[in-house]
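Asker: Below is the structure I would like to discuss, written out as C-alpha cells.
The values are calculated or read from the model by the stated rules, or taken from the named source; none is laboratory data. This one's a predicted model, so the numbers in the text were calculated from it and none came from an experiment. So basically every Cβ, Gly included, is an ideal-geometry build from the backbone, and we count neighbours across all protein chains shown. We work out accessible area using only protein heavy atoms, side chains counted, and drop any ligands, DNA or RNA first. Shrake-Rupley method; radii C 1.70, N 1.55, O 1.52, S 1.80 Å.
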Amino acid sequence: MKRVAHNTNSVNKMIQNNKLLDSIIQSSYDGIYVADAQGNGLKVNEAYTRITNVQPEQLLGKNMREVVKEGIVSESVTFKVLKEKKPITIMQKVNGVEVIVTGNPVYDENHHITHVVTNVRDLTELTNLKLELNESRAYTKKILEEIDSFKNQEKIKMMLDGVIAQSQEIMKVVSLAQKVSNVDSTVILVGESGVGKEVFANMIHSGSQRAHKPYIKVNCGAIPSQLLESELFGYEKGSFTGADRNGKAGYFEQANGGTIFLDEISEIPLELQVKLLRVLQEFEVMRIGSTKVKKIDVRVIAASNKDLERQVEKGAFREDLYYRLNIVPIRIPPLRERRADIAPLAYYFINKVNKKYNLKKRFQPEAVSFMQQYRWPGNIREMENLIERIAVTTDHNEISLFDFPEELVEQAMSDEKSDQTESPFTKENKLKDLVMELEKNVITERFVKNLTTRKTAQSLGISQSALVKKMKKLNLTKEDILNNKRISG
C-alpha cells in the first residue's frame, strides 16, 4: 500500500510539474516550439500561432522534415541544432512570415540531446520597433542640434539658460531685443513671473557694445526698503550707524560704463522713485551723506511682473518715472501663449537634468502631450523645477503621464475644456471623467500592444501593482480590452 501511495504522489507531482511547464511556455510573448531528438513536434505555444498564423495541428506529431517539405517552414533550425550540437540562430520564413528563430539543445545527464527548444520572434515587429526607436532618436537629435545651433548664433542667441525661441511669438521678442541691444535706450521688460525676463536682459547686455563692461543685477524686491537707497546710490563714511568706515559705491557707480538691470522695479518705494528718476534724467548720483554729484554712464534695463500703468493709476508708481522707463517696452509672452516652445523646452530641461545627475530619463509621448495642454501658471521656471523633481524622484527612465501630479493633469484637462459654455458645476463633475477617460485610453492602447500587465506597466514607467490598482479603479479588465480589440479588429 505504501508503494502504491508513493507512486501516486510521484504521478501527481509529475502532472503538477507538467502543468507548470505548460503555463510557463504559454505565458511567453515570444513563440516557442519544442521538438524531440528526432525532430518530431511536441509542444507549441499560442504566441507561435499569433506570430506565424500556423495552427498547432500543422506541427504537433509531425517531423520537421515533413513540415519543411510542405512549405510551412523554409528550413529547420531543429535539425541544424541536432547536427551541430549547439545553439543556432537563423532567419526563417514560417507560413510566409519572416521571423528570427533560435534553437537551443536540451541535454540529459549523459550529455545526449533529448529536445530542441526553438524561440521565435517576428522580424517585422522587430523592424518596426527599430524604426520607431530610430525615429525617436532622430527627433531627439534634431531637437538637440537645433538647440546647439541656437547657442552658436553670434548675433541672436535663440536659447539662453533654457529659454528657447522657436515660436513666432517669442521670435518677435528676440528680434526686438536684438535691435535695442545695439543702442543705449532704456528698456522695460514686462511679463509674468518665470517667463525669462532676466534672460532677455542678459541677451540685450551681451549683444551691446557694453558687453565687456560691468553688468550689475539688482532685485529691488529682495532688498529691504530701508537699505535700498544706500545699495543703489552708495554712501560716504560715517553716514549712518553701521556704515562701512571707508564708505561704499552704490550699484549705479559699480555699473559705470556698463549696464544695470533693475528687476522687480515696481517694488521701489515712492520716496526713492524720485531719486531714481533724477539718475535716469541727469545720469548722475549722489551718495548718502555727500554733497557732491558723480556723473555716470549707465545703460538701464528694468523689469516688472506687475502692470506699471495700473500701478500708476493706483498711485503706487510715479507717472513721470513710468514714462522715463517706458522708452522701449518689451512684453515677454507667458508660456501658454507660445505652445510651440513647450516640447523643445521640455526636451532641453530633461537633457539638462540628465547631464547634471548622470541620468537617462526620457518622456513618453503622452507626457509631452500633457505638457502642451497645461497652462503653466509659473511659466518656464515652473516647468524646469517640475521636470527636475519628477526626474530625480522616479525610479524608472520612462517619464509617463502618471508621473505628473494628478492635480496638474486635472487642471490641464479643465483648461482644454474651458472654452465651452458649460456651468462651473457641470465642468467640475465632468473633469474627473475626462481624466479617467484619458487614463483608460492610454492603458488600453499600451495593453493591446504588450498583452501583459507586466510589460504594459514597464512601457508606462510604473510598477505592475500600481497598474493593477489603476485598472481596478478605472473598472478596466484585461478581458474587456482584448474583447474590444477583437470586435474593433
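Asker: Step through the table entries Lys449/Lys470; Lys248/Lys295; Lys217/Lys237, compare each Cα-Cα distance with 20 Å, and write down the pairs that go over it. Present the calculation step by step, with values, prior to reporting the outcome.
Answerer: Values: Lys449/Lys470 18 Å; Lys248/Lys295 16 Å; Lys217/Lys237 24 Å.
Too far apart for the 20 Å limit: Lys217/Lys237.
Asker: Hey, what's segment 15-85 come to in accessible area per residue, 1.4 Å probe, Å²?
Answerer: 56
Asker: Could you give the length gained by full extension between Lys85 and Ala222, i.e. 0.36 nm per residue of separation minus their alpha carbon distance, to one decimal place?
Answerer: 41.6 nm
Asker: Also: To the nearest Å, what is the center-to-center distance of segment 255-291 and segment 37-95, using C-alpha atoms only?
Answerer: Answer, in whole Å: 86.
Asker: Report the local net charge at Val116: Lys and Arg +1, Asp and Glu -1, summed over other residues whose C-beta lies under 12 Å from its C-beta.
Answerer: Here the count lands on +3.
Asker: Arranged from highest to lowest average of other beta-carbon atoms within 10 Å per residue, in what order do the peptides 289-296, 108-115, 29-36 appear?
Answerer: Details: 289-296: 12.8, 108-115: 10.2, 29-36: 20.5.
Per-residue mean Cβ counts within 10 Å order the peptides as 29-36, 289-296, 108-115.
Asker: Right, here's the next one. Run the quick spin-label model on Thr393 and Glu479: label points 7 Å from Cα toward the beta carbon, then report their separation in nm to one decimal.
Answerer: 3.8
Asker: Give a residue-ordered list of calculated ³J(HN,Hα) values for segment 258-271 (Karplus: 6.51 cos²θ - 1.76 cosθ + 1.60, θ = phi - 60°; whole Hz; x for Gly, Pro).
Answerer: Coupling constants for segment 258-271: x, 10, 10, 10, 9, 7, 6, 5, 5, 8, 6, x, 4, 5 Hz.
Asker: In whole Hz, what ³J(HN,Hα) sequence does segment 398-410 give by Karplus (6.51, -1.76, 1.60; θ = phi - 60°), x for Gly and Pro?
Answerer: Running phi through 6.51 cos²θ - 1.76 cosθ + 1.60 with θ = phi - 60° gives 7, 8, 10, 4, 6, 7, 7, x, 4, 5, 6, 5, 4 Hz.
Asker: Next question, about the same structure. When Lys and Arg each count +1 and Asp and Glu each count -1, what net charge do the other residues less than 10 Å away from Asn219, Cβ to Cβ, add up to?
Answerer: -3
Asker: Next question. Which percent of the accessible heavy-atom area of segment 286-360 goes to carbon and sulfur, probe 1.4 angstrom? Provide the component values of the computation, followed by the final result.
Answerer: Values: 1870 of 3990 Å².
On segment 286-360, the fraction of accessible area on carbon and sulfur atoms equals 47 percent.
Asker: Mind listing the phi-derived Karplus ³J(HN,Hα) values for segment 39-44, rounded to whole Hz, using 6.51, -1.76 and 1.60 with θ = phi - 60°, and x for any glycine or proline?
Answerer: Using θ = phi - 60°, the values come out as x, 8, x, 10, 8, 8 Hz.
Asker: Report the local net charge at Leu277: Lys and Arg +1, Asp and Glu -1, summed over other residues whose C-beta lies under 9 Å from its C-beta.
Answerer: Net charge around Leu277: +3.
Asker: What's the FRET efficiency of Glu46 with Ile100 using the Cβ-Cβ distance as r and R₀ = 22 Å, to the nearest 0.05?
Answerer: So, using R0 = 22 Å, E works out to roughly 0.70.
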